[in-house]
Amino acid sequence: MQPSSINTRILNDLQNAYMEVIPVPNIEKKLEGLSRSTHLAVTCSPTKGVDETIELSSHLVDMGFEVTPHIAAKCVTDNSHLNSIIHTLKEKNIKSVFVPGGDRPEPAGDFSNAYQLLVSMKDMNVSDMSIGIAAHPEGHPDIKDEVLINELIKKKDLADYVVTQMCFDANILGDWLIKIKNEGVDLPVWVGLPGVIERGRLLRTSLRIGVGDSLRFLRKKTQVAAEIMKSSIYYPDSLVESISKYDQIDATNLAGYHIYCFNQIEITEKWREEKIANMQ
(Lines give C-alpha, C1' and ligand atoms only; values in the text may rest on other atoms or scores of the structure.)
Protein backbone atom coordinates (compact mmCIF):
# COMPACT_ATOMS: atom_id res chain seq x y z
CA MET A 1 0.00 0.00 0.00
CA GLN A 2 1.32 3.46 -0.93
CA PRO A 3 2.11 5.96 1.89
CA SER A 4 -0.74 8.23 0.74
CA SER A 5 -3.17 5.31 0.91
CA ILE A 6 -1.92 4.36 4.37
CA ASN A 7 -2.42 7.92 5.59
CA THR A 8 -5.93 8.01 4.12
CA ARG A 9 -6.72 4.74 5.85
CA ILE A 10 -5.43 6.00 9.21
CA LEU A 11 -7.35 9.26 8.82
CA ASN A 12 -10.63 7.58 7.96
CA ASP A 13 -10.39 5.00 10.74
CA LEU A 14 -9.57 7.63 13.39
CA GLN A 15 -12.39 9.87 12.20
CA ASN A 16 -14.72 6.89 12.65
CA ALA A 17 -13.44 6.15 16.16
CA TYR A 18 -15.35 6.46 19.40
CA MET A 19 -14.35 6.14 23.05
CA GLU A 20 -15.41 3.84 25.84
CA VAL A 21 -16.48 5.43 29.13
CA ILE A 22 -16.60 3.56 32.44
CA PRO A 23 -19.39 4.70 34.80
CA VAL A 24 -17.77 6.20 37.90
CA PRO A 25 -18.90 9.06 40.16
CA ASN A 26 -18.68 12.52 38.53
CA ILE A 27 -17.58 11.16 35.15
CA GLU A 28 -19.89 13.70 33.50
CA LYS A 29 -17.65 16.52 34.72
CA LYS A 30 -14.67 15.00 32.89
CA LEU A 31 -16.70 15.01 29.69
CA GLU A 32 -17.89 18.62 29.83
CA GLY A 33 -14.96 19.91 27.75
CA LEU A 34 -15.42 17.38 24.94
CA SER A 35 -16.93 18.32 21.60
CA ARG A 36 -20.55 17.20 21.53
CA SER A 37 -19.80 15.46 18.23
CA THR A 38 -17.79 12.90 20.25
CA HIS A 39 -19.35 9.44 20.19
CA LEU A 40 -19.17 7.64 23.55
CA ALA A 41 -19.76 4.01 24.51
CA VAL A 42 -20.79 3.38 28.12
CA THR A 43 -19.65 0.13 29.70
CA CYS A 44 -21.62 -2.15 31.99
CA SER A 45 -20.11 -3.05 35.36
CA PRO A 46 -20.80 -6.54 36.72
CA THR A 47 -21.07 -5.05 40.21
CA LYS A 48 -23.09 -1.89 39.50
CA GLY A 49 -25.24 -3.42 36.81
CA VAL A 50 -26.82 -2.32 33.57
CA ASP A 51 -29.20 0.23 35.12
CA GLU A 52 -26.27 2.49 36.01
CA THR A 53 -25.09 2.21 32.40
CA ILE A 54 -28.51 3.30 31.14
CA GLU A 55 -28.68 6.14 33.66
CA LEU A 56 -25.28 7.53 32.62
CA SER A 57 -26.13 7.06 28.94
CA SER A 58 -29.31 9.07 29.44
CA HIS A 59 -27.37 11.89 31.13
CA LEU A 60 -24.83 11.96 28.31
CA VAL A 61 -27.59 12.19 25.72
CA ASP A 62 -29.00 15.14 27.65
CA MET A 63 -25.52 16.72 27.47
CA GLY A 64 -25.63 16.39 23.68
CA PHE A 65 -23.44 13.32 23.06
CA GLU A 66 -24.13 10.41 20.74
CA VAL A 67 -24.11 7.36 23.00
CA THR A 68 -23.87 3.58 22.68
CA PRO A 69 -24.69 1.82 25.98
CA HIS A 70 -23.43 -1.68 26.71
CA ILE A 71 -26.24 -4.04 27.65
CA ALA A 72 -24.43 -6.99 29.21
CA ALA A 73 -26.62 -10.06 28.98
CA LYS A 74 -25.70 -11.43 32.40
CA CYS A 75 -26.77 -8.14 34.03
CA VAL A 76 -30.33 -8.23 32.65
CA THR A 77 -32.73 -10.09 34.92
CA ASP A 78 -35.61 -10.98 32.60
CA ASN A 79 -37.71 -9.85 29.62
CA SER A 80 -39.52 -7.26 31.74
CA HIS A 81 -36.19 -5.69 32.71
CA LEU A 82 -35.07 -5.79 29.08
CA ASN A 83 -38.30 -4.15 27.95
CA SER A 84 -37.78 -1.37 30.48
CA ILE A 85 -34.23 -0.79 29.22
CA ILE A 86 -35.35 -0.62 25.60
CA HIS A 87 -38.20 1.74 26.52
CA THR A 88 -35.71 4.13 28.14
CA LEU A 89 -33.38 3.94 25.14
CA LYS A 90 -36.22 4.78 22.79
CA GLU A 91 -37.30 7.69 24.99
CA LYS A 92 -33.76 9.06 24.75
CA ASN A 93 -33.60 8.36 21.01
CA ILE A 94 -30.54 6.13 21.47
CA LYS A 95 -29.99 4.32 18.19
CA SER A 96 -27.06 2.03 18.94
CA VAL A 97 -26.43 -0.60 21.62
CA PHE A 98 -23.63 -3.09 22.22
CA VAL A 99 -24.53 -6.53 23.60
CA PRO A 100 -21.68 -8.48 25.24
CA GLY A 101 -22.16 -11.48 27.48
CA GLY A 102 -20.85 -9.59 30.50
CA ASP A 103 -18.28 -10.23 33.22
CA ARG A 104 -20.54 -11.42 36.04
CA PRO A 105 -19.47 -14.87 37.25
CA GLU A 106 -23.14 -15.86 37.35
CA PRO A 107 -26.14 -14.38 35.50
CA ALA A 108 -28.37 -11.96 37.39
CA GLY A 109 -31.41 -13.63 35.86
CA ASP A 110 -32.62 -15.38 32.71
CA PHE A 111 -29.79 -14.54 30.29
CA SER A 112 -26.50 -16.42 30.53
CA ASN A 113 -25.02 -15.21 27.23
CA ALA A 114 -25.35 -12.53 24.56
CA TYR A 115 -27.11 -14.80 22.06
CA GLN A 116 -30.05 -15.36 24.40
CA LEU A 117 -30.46 -11.63 24.93
CA LEU A 118 -30.21 -10.91 21.20
CA VAL A 119 -32.99 -13.42 20.49
CA SER A 120 -35.24 -11.71 23.05
CA MET A 121 -34.42 -8.27 21.65
CA LYS A 122 -35.47 -9.40 18.18
CA ASP A 123 -39.04 -9.75 19.45
CA MET A 124 -39.08 -6.29 21.06
CA ASN A 125 -39.33 -3.89 18.12
CA VAL A 126 -35.70 -2.80 17.98
CA SER A 127 -35.47 -2.65 14.19
CA ASP A 128 -34.58 1.04 14.43
CA MET A 129 -31.54 0.27 16.61
CA SER A 130 -28.08 -0.73 15.45
CA ILE A 131 -26.90 -3.69 17.54
CA GLY A 132 -23.26 -4.59 18.13
CA ILE A 133 -21.74 -7.90 19.21
CA ALA A 134 -18.37 -8.76 20.76
CA ALA A 135 -15.45 -10.57 19.15
CA HIS A 136 -11.95 -11.70 20.16
CA PRO A 137 -9.33 -11.57 17.37
CA GLU A 138 -6.47 -12.36 19.75
CA GLY A 139 -8.33 -15.13 21.51
CA HIS A 140 -9.87 -15.60 24.93
CA PRO A 141 -8.05 -17.18 27.89
CA ASP A 142 -10.93 -19.54 28.65
CA ILE A 143 -12.51 -20.22 25.23
CA LYS A 144 -11.08 -21.99 22.19
CA ASP A 145 -10.71 -19.95 18.98
CA GLU A 146 -13.02 -22.30 17.06
CA VAL A 147 -15.77 -21.78 19.63
CA LEU A 148 -15.33 -18.00 19.44
CA ILE A 149 -15.70 -18.01 15.66
CA ASN A 150 -18.75 -20.29 15.79
CA GLU A 151 -20.43 -18.05 18.38
CA LEU A 152 -19.77 -15.01 16.19
CA ILE A 153 -21.31 -16.76 13.19
CA LYS A 154 -24.29 -17.76 15.34
CA LYS A 155 -24.93 -14.14 16.40
CA LYS A 156 -24.21 -12.34 13.11
CA ASP A 157 -27.77 -12.37 11.76
CA LEU A 158 -29.01 -10.75 14.98
CA ALA A 159 -26.50 -7.89 14.80
CA ASP A 160 -25.44 -4.93 12.68
CA TYR A 161 -21.79 -4.52 13.65
CA VAL A 162 -18.91 -6.09 15.58
CA VAL A 163 -16.69 -4.63 18.32
CA THR A 164 -13.47 -6.42 19.22
CA GLN A 165 -11.48 -6.82 22.37
CA MET A 166 -8.44 -4.58 22.77
CA CYS A 167 -5.91 -5.61 20.11
CA PHE A 168 -2.14 -5.21 19.93
CA ASP A 169 -1.02 -7.41 17.03
CA ALA A 170 -1.82 -6.01 13.58
CA ASN A 171 -1.08 -9.24 11.71
CA ILE A 172 -3.22 -11.41 13.98
CA LEU A 173 -6.00 -8.84 13.70
CA GLY A 174 -5.74 -8.58 9.91
CA ASP A 175 -5.75 -12.37 9.43
CA TRP A 176 -8.77 -12.62 11.72
CA LEU A 177 -10.65 -9.91 9.81
CA ILE A 178 -10.08 -11.82 6.56
CA LYS A 179 -11.08 -15.11 8.21
CA ILE A 180 -14.42 -13.93 9.61
CA LYS A 181 -15.36 -12.33 6.30
CA ASN A 182 -14.60 -15.62 4.53
CA GLU A 183 -16.77 -17.35 7.17
CA GLY A 184 -19.71 -15.14 6.19
CA VAL A 185 -19.51 -12.52 8.96
CA ASP A 186 -19.91 -9.57 6.61
CA LEU A 187 -20.53 -6.88 9.23
CA PRO A 188 -18.58 -3.65 9.84
CA VAL A 189 -15.96 -4.14 12.54
CA TRP A 190 -14.83 -1.57 15.09
CA VAL A 191 -11.45 -2.70 16.34
CA GLY A 192 -10.59 -2.30 20.02
CA LEU A 193 -7.70 0.15 20.23
CA PRO A 194 -5.88 1.06 23.46
CA GLY A 195 -5.98 4.78 24.02
CA VAL A 196 -3.27 7.03 25.40
CA ILE A 197 -2.81 5.31 28.72
CA GLU A 198 -0.92 6.84 31.63
CA ARG A 199 0.44 3.92 33.59
CA GLY A 200 -0.38 5.03 37.13
CA ARG A 201 -3.94 6.00 36.31
CA LEU A 202 -4.50 2.77 34.39
CA LEU A 203 -3.42 0.75 37.42
CA ARG A 204 -5.56 2.81 39.81
CA THR A 205 -8.59 2.53 37.52
CA SER A 206 -8.21 -1.22 37.08
CA LEU A 207 -7.85 -1.77 40.82
CA ARG A 208 -10.86 0.40 41.62
CA ILE A 209 -13.17 -0.89 38.93
CA GLY A 210 -11.75 -4.23 37.85
CA VAL A 211 -14.32 -4.76 35.12
CA GLY A 212 -14.51 -5.05 31.37
CA ASP A 213 -13.11 -7.45 28.83
CA SER A 214 -10.30 -5.00 28.09
CA LEU A 215 -9.00 -4.95 31.67
CA ARG A 216 -9.39 -8.71 32.04
CA PHE A 217 -7.56 -9.17 28.74
CA LEU A 218 -4.76 -6.84 29.83
CA ARG A 219 -4.16 -8.79 33.02
CA LYS A 220 -3.92 -12.08 31.11
CA LYS A 221 -1.59 -10.81 28.36
CA THR A 222 1.85 -10.35 29.89
CA GLN A 223 3.37 -9.19 26.58
CA VAL A 224 0.74 -6.49 26.25
CA ALA A 225 1.18 -5.44 29.85
CA ALA A 226 4.94 -5.23 29.32
CA GLU A 227 4.46 -2.97 26.30
CA ILE A 228 2.27 -0.60 28.26
CA MET A 229 4.48 -0.65 31.33
CA LYS A 230 7.80 -0.03 29.56
CA SER A 231 7.17 3.72 29.59
CA SER A 232 5.07 6.10 31.66
CA ILE A 233 2.58 6.66 28.83
CA TYR A 234 1.49 4.35 26.01
CA TYR A 235 0.60 5.87 22.63
CA PRO A 236 -1.12 3.73 19.96
CA ASP A 237 0.49 5.45 16.93
CA SER A 238 2.65 2.51 15.84
CA LEU A 239 -0.25 0.07 16.23
CA VAL A 240 -2.59 2.20 14.12
CA GLU A 241 0.10 2.48 11.43
CA SER A 242 0.76 -1.28 11.50
CA ILE A 243 -2.94 -2.07 11.13
CA SER A 244 -3.23 0.33 8.18
CA LYS A 245 -0.18 -1.29 6.54
CA TYR A 246 -1.60 -4.82 6.71
CA ASP A 247 -1.47 -5.92 3.08
CA GLN A 248 -5.15 -6.91 2.80
CA ILE A 249 -6.66 -4.32 5.14
CA ASP A 250 -8.83 -2.79 2.40
CA ALA A 251 -10.35 -6.23 1.76
CA THR A 252 -11.61 -6.35 5.34
CA ASN A 253 -14.62 -4.75 7.03
CA LEU A 254 -12.58 -2.56 9.38
CA ALA A 255 -14.87 0.43 9.96
CA GLY A 256 -13.02 2.35 12.67
CA TYR A 257 -11.82 2.09 16.26
CA HIS A 258 -13.47 1.48 19.60
CA ILE A 259 -10.96 3.19 21.87
CA TYR A 260 -10.39 1.76 25.34
CA CYS A 261 -9.20 4.86 27.19
CA PHE A 262 -9.91 3.72 30.78
CA ASN A 263 -11.54 7.12 31.41
CA GLN A 264 -8.38 8.97 30.38
CA ILE A 265 -10.67 10.72 27.99
CA GLU A 266 -9.10 14.16 27.61
CA ILE A 267 -5.61 12.97 26.74
CA THR A 268 -6.88 10.28 24.36
CA GLU A 269 -9.23 12.62 22.52
CA LYS A 270 -6.46 15.24 22.28
CA TRP A 271 -4.21 12.60 20.71
CA ARG A 272 -6.93 11.57 18.22
CA GLU A 273 -7.77 15.13 17.22
CA GLU A 274 -4.11 16.09 16.76
CA LYS A 275 -3.43 12.95 14.75
CA ILE A 276 -6.37 13.74 12.45
CA ALA A 277 -5.37 17.41 12.09
CA ASN A 278 -1.77 16.51 11.18
CA MET A 279 -2.94 14.14 8.43
CA GLN A 280 -5.40 16.46 6.70
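At a glance:
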read-out	value
Condition check for residue 8: without any contact (Cβ under 8 Å) to a residue 24 or more places away in the chain and β-branched (Val, Ile, Thr)	yes
Some residue of the range 19-26 being surrounded by fewer than 15 Cβ atoms within 10 Å (Cβ to Cβ), closer than 30 Å to residue 280 by Cβ, modelled with pLDDT under 95 and of a type outside the set (Val, Ile, Thr)	no
Selected residue (only one of 265, 243 is within 22 Å of residue 96 (Cα to Cα) and surrounded by 17 or more Cβ atoms within 10 Å (Cβ to Cβ))	265
All positions within the range 1-26 that are in a loop (DSSP other than H, G, I, E, B), among the polar types (S, T, N, Q) and closer than 17 Å to residue 268 by Cα	16
Among (1) more than 13 Å from the chain's Cα centre (by Cα); (2) in a loop (DSSP other than H, G, I, E, B) - the single one residue 102 does not satisfy	(1)
Which numbered condition residue 97 fails, given (1) of a type outside the set (S, T, N, Q); (2) surrounded by 18 or more Cβ atoms within 10 Å (Cβ to Cβ); (3) assigned to a helix (DSSP H, G or I)	(3)
Matching entry among 52, 66 (being at pLDDT 95 or above, within 19 Å of the chain's Cα centre (by Cα) and within 30 Å of residue 243 (Cα to Cα))	66
Helices (runs of 4 or more DSSP H) completely within the range 130-247 that count 1 or more residues being touching a strand residue (DSSP E or B) at 6+ places or on another chain (Cβ under 8 Å), basic (Lys, Arg) and modelled with pLDDT under 90	199-209
Qualifying positions in the range 36-67 - of a type in the set (Lys, Arg) and in contact (Cβ under 8 Å) with a residue 60 or more places away in the chain	none
Subset tally (residues that are touching a Lys or Arg at 6+ places or on another chain (Cβ under 6 Å), closer than 11 Å to residue 185 by Cβ and exposed (fewer than 14 other Cβ atoms within 10 Å of the Cβ)) for the range 110-165	0
Any helices (runs of 4 or more DSSP H) falling wholly within the range 27-94 and containing at least 3 residues that are farther than 21 Å from residue 273 by Cβ	50-63, 79-91
Residue match in the range 129-142 (condition: more than 21 Å from residue 17 (Cβ to Cβ) and polar (S, T, N, Q))	no
One residue from 35, 80, 58 being more than 24 Å from residue 190 (Cβ to Cβ) and either surrounded by fewer than 17 Cβ atoms within 10 Å (Cβ to Cβ) or over 17 Å from the mean Cα position of the chain (by Cα) (or both)	80
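The values are calculated or read from the model by the stated rules, or taken from the named source; none is laboratory data. Keep in mind the model is a prediction, meaning the values are calculated, not measured. Quick reminder, even Gly has a Cβ in these numbers, built from the backbone with ideal geometry, and neighbours come from all protein chains shown.
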